[in-house]
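The values are calculated or read from the model by the stated rules, or taken from the named source; none is laboratory data. All values derive from a computational prediction rather than experimental measurement. In this analysis, Cβ positions are derived from the backbone assuming ideal geometry, glycine residues included, and neighbour counts consider all displayed protein chains. Note: areas computed on protein heavy atoms with side chains; ligands, DNA, RNA excluded. Shrake-Rupley method; radii C 1.70, N 1.55, O 1.52, S 1.80 Å.
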Amino acid sequence: MAGRGGVQVGGEAGIGRWRPHELRHSAVTLLLTSGVDLHRVSDIVGHASIKITSDVYGHLAAAALAEPLDLLARTITTPK
């Protein structure tokens, strides 16, 4: 189906209508928030450099660090 944003996919799969760029962005978001390394994600999506991935999605990678850093902080501050 063609819409204002170009080709849309997903209707037949029952996931609604998505443009390919939206699917790509969602995939990158899911990978990063699942803990996949920024370098690997950059390779997967074919960015020319990790800087592109970092500039666009770096905030997600930083957010993904919050939980492990909190765990580290609790571990080193918990009395034994």
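Which ones in region 1-25 are modelled with pLDDT under 75 and either touching a strand residue (DSSP E or B) at 6+ places or on another chain (Cβ under 8 Å) or surrounded by 13 or more Cβ atoms within 10 Å (Cβ to Cβ) (or both)?
Once the filter is applied, which keeps residues that are modelled with pLDDT under 75 and either touching a strand residue (DSSP E or B) at 6+ places or on another chain (Cβ under 8 Å) or surrounded by 13 or more Cβ atoms within 10 Å (Cβ to Cβ) (or both), region 1-25 yields M1, Q8, V9, G10.
Would you please name the residue that is modelled with the lowest pLDDT, looking only at residues in region 26-51 that are open to solvent by 70 Å² or more (accessible area, probe 1.4 Å) and in a helix (DSSP H, G or I)?
Residue satisfying both the conditions and the ranking: T33.
Of all residues in region 49-80, which are farther than 16 Å from D37 by Cα and among the charged types (D, E, K, R)?
D70, R74, K80
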